[in-house]
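See structure below.
The values are calculated or read from the model by the stated rules, or taken from the named source; none is laboratory data. This is a predicted model, so every value here is computed, not measured. Neighbour counts run over all protein chains shown; Cβ positions are idealised from the backbone, glycine included. Ligands, DNA and RNA are stripped out before the accessible areas are found, and what is left, the full protein with its side chains, is counted by its heavy atoms. Shrake-Rupley method; radii C 1.70, N 1.55, O 1.52, S 1.80 Å.
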Amino acid sequence: MPQVATPLEGHALFQTHDLDEARERVAAVFCPHRLDRIGKGVMDARQHHLPGERLSLNYIQYGAKTLIAPGALERFYLVQIPLSGGAMISHGAERYYSSPEVAAVLNPHLPTTMIWAEDTRQVLIQIDRQAMQDHLSAQLGAPALRPLTFSGGFDLRSGAGAALRRMVLFLVAEADAGRSPIGAGLMGRAVEASLMSGLLEAHRHDHAAHLGRRRAAPRPRHLRLAEGYIAAHLDQPLTVEAIAAEAGISPRALQLAFRQHRGTTPLGFWRDMRLAHAHADLVAGAGSVTEVALRWGFGHFGRFAEMYRARFGLSPRDTLRAARGEGYQD
């Protein structure tokens, strides 16, 4: 009987029966993780990998029933589309089963443990965390100040979920035909953007309501004035009353405007903008953690570290170490 070709076969990274080798090779593309065979099946591990600019297409199988525990992915979102078999997903506080009818989406800032059933085969989309956040901001028409968080699995049988699945499998078929559909060039970048837009449309996430408002109504003038005032005084103490006075509306009206259009409070917006600037400075290596925190008005270093990790998935110190290449691998 002729062997059936596997997806992305022309982009094979490895095939092995050795558990340790599989763990090491997958970690080189994704992240360090625990990988254990917990069933009696034969370990027949392989990964195929097609890199783009902001995301990659992958095919992974393990053959045997397998426990996979990466913790928090940190650097990327991961969409898992089973072709056969299935996986029990424990992700943050959520528990659900992913199958050829239900895709899984793993957020970079939440811990994950999975059990892949025997003979599970999956196509995976690995999306750079910052690229996904930037794409969301572009769709919102303003900076997305909270980490994008997807919830649960999504239906692959109908609607936008089925459309996204068809698109992914079409791109895989294009790659298998020798036509790389993602990566450099206008077309490749447009395809990558379409995949990210498709995911935002297909799946539940915490910015969905704001995307709807972005389509429905422009940002009002008093909100633009308030945001401009906040941006010009990021490193200074601010009050709701002072911001409202500059915007020409009452403090209560200002609170309602930020809730409606930004999903946060005026001071929450101010805090998140300062965190974004602190993150940019740390990524650029522009000073020590203490210097950066003080530069953007964070005098309580423990609280700064907590807020920073909640938003970016890494501590300020780890971000700075990564920027300087200390103790990290590409």
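The table below gives the values:
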read-out	value
Residue among 248, 158, 93 farthest towards the positive dipole end of the chain, charges placed on Cβ	248
Sum of side-chain charges, residue 110 neighbourhood, beta-carbon under 11 Å (Lys, Arg +1; Asp, Glu -1)	-2
The stretch 110-177: trypsin sites (Lys or Arg not before Pro) in DSSP coil with no more than 12 other Cβ atoms inside 10 Å	157
For the chain, the spread of Cα positions along each principal axis, largest first, Å	77, 43, 38
Trypsin sites (Lys or Arg not before Pro) restricted to DSSP loop in the stretch 22-118 with at most 10 other C-beta within 10 Å	40
Mean Cα-pair separation over length for the chain, i.e. relative contact order, pairs under 8 Å, 6 or more apart, %	13 percent
Calculated [θ] (222 nm, deg cm²/dmol) that DSSP helices of n ≥ 4 give over the chain, each run adding -39,500 (n - 2.57)	-13500 deg cm²/dmol
Solvent-accessible heavy-atom area per residue, rounded to whole Å², over the chain at 1.4 Å	47 Å²
Isotropic mean projected area of the C-alpha convex hull, the stretch 79-194 (nm²)	8.2 nm²
Within the stretch 1-88: Cβ-based charge dipole about Cα centre, in debye rounded to nearest 20 (Lys, Arg +1; Asp, Glu -1)	220 debye
As computed over the stretch 203-318, the Cα convex hull volume per residue (Å³)	120 Å³
Most fluctuating residue given options 284, 208, 103, as computed from a GNM of the chain linking Cα atoms under 10 Å	284
Long-range HN-HN contacts of residue 13 with modeled amide H, under 5 Å	47, 48, 49
The chain - charge dipole about Cα centre, Lys and Arg +1 at Cβ, Asp and Glu -1, debye rounded to 20	1020 debye
Relative intensity, log₁₀ I(q)/I(0), of the stretch 1-105 from a Debye sum that treats every alpha carbon as a point, q = 0.17, 0.19, 0.22 Å⁻¹	-0.89, -1.15, -1.59
The stretch 143-240 - Debye-derived log10 I(q)/I(0), Cα point model, q = 0.16 Å⁻¹	-0.88
Rounded percent of accessible protein surface that carbon and sulfur make up, the chain, 1.4 Å probe	53 percent
Principal axis dimensions, the stretch 250-291 - Cα atoms, whole angstrom, descending	39, 15, 9
5 angstrom amide H check on residue 76, placed H, neighbours 5+ away	129
